[in-house]
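Values in this text are rule-based calculations from the coordinates and carry no lab data. A quick note: this is a predicted structure, and the numbers were derived from the prediction, not measured. Note that each Cβ is placed from the backbone with ideal geometry, even for glycine, and that neighbours are counted across all protein chains shown.
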Amino acid sequence: MERYRVFYVYRIKNLSYLHVHGMDMKEKKLFTVLLYAPDSGIDFHAGTKSYPSELIDTLKAEGDRIESGHYDIVQWEPDLFQEQQLS
């Protein structure tokens with residue numbers, strides 16, 4: 001069994017980031033990591049120096065499935081709340 005398992009991903013398109021949620025199967029702990037994902041694909045080097053190498057390897061192996069939306073639960077797009085004046 002692999003050490004890390006991806007459960008789901010949600011995207012913030014306007015900011016080009018992915019939040020990846022999963023579990024460390026050895027330690028029985030949940031994890032959430034933030035990945036930079038511009039339109040050209042996931043950048044596994046940006047901001048991931050503190051992540052375990054085995055986790056990065058798992059994320060790279062699942063990269064195509066993550067990119068295709070296989071793990072997506074929802075796509076987030078931030079909106080600004082605008083007050084409407086009632087007449």
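Using the beta-carbon distance between Asp39 and Arg3 and R0 = 30 Å, what value does 1/(1 + (r/R0)^6) give for FRET efficiency, to the nearest 0.05? Write down the numbers at each step before the final one.
Details: r = 30 Å, r/R0 = 1.01.
Using R0 = 30 Å, I get an efficiency of 0.50.
With the cut-off at under 15 Å, measuring from each backbone N in segment 9-38 to a point 7 Å along the Cα-to-Cβ line of Asp72 picks out 9-20, 37-38.
Built from the Cα atoms of segment 4-76, the convex hull projects on average onto 4.6 nm², one quarter of its surface area. Qualifying GluC sites (Glu not before Pro) in segment 18-79, where qualification requires a DSSP coil assignment and no more than 15 other C-beta atoms within 10 Å, comprise Glu27.
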